[in-house]
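Report on one structure; see the data block that follows.
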Amino acid sequence: MFEYALHQLRHDELVRAAEHERQVREALRLRRAARREAAVRGAETESHTRRHRRSRFARAA
């Protein structure tokens, strides 16, 4: 009976650890996706604003 109880405790611990690792991977995946999305949005707005910041005239040598 004692060995079964130890086995059950170890099993529960492994299940909790696996669930924690899944949550960490999911959080990293979501963070990466949000970063990519922000970069795409930032690139779109940056290219739009960069065009308006440039001077119309060429720089003098």
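Any read-out appearing in this document is the output of simple, stated calculations on the displayed coordinates, not a laboratory observation. Everything numeric here is computed off the predicted structure, so don't read it as measured data. Every residue, glycine among them, receives a Cβ derived from its backbone with ideal geometry; neighbour counts consider all protein chains shown.
Label-to-label distance for R10 and A43 is 5.0 nm, based on points extended 7 Å past Cα in the beta-carbon direction. Over all other residues within a Cβ to Cβ distance under 15 Å of R29, the charged ones net out to +3, with Lys and Arg as +1 and Asp and Glu as -1. Using the Cβ of E13 as centre and a radius below 14 Å, the other residues enclosed give a net charge of -1, where K and R count +1 and D and E count -1.
Computed from the C-beta positions of L28 and A60 and an R0 of 35 Å, the FRET efficiency is 0.10 to the nearest 0.05.
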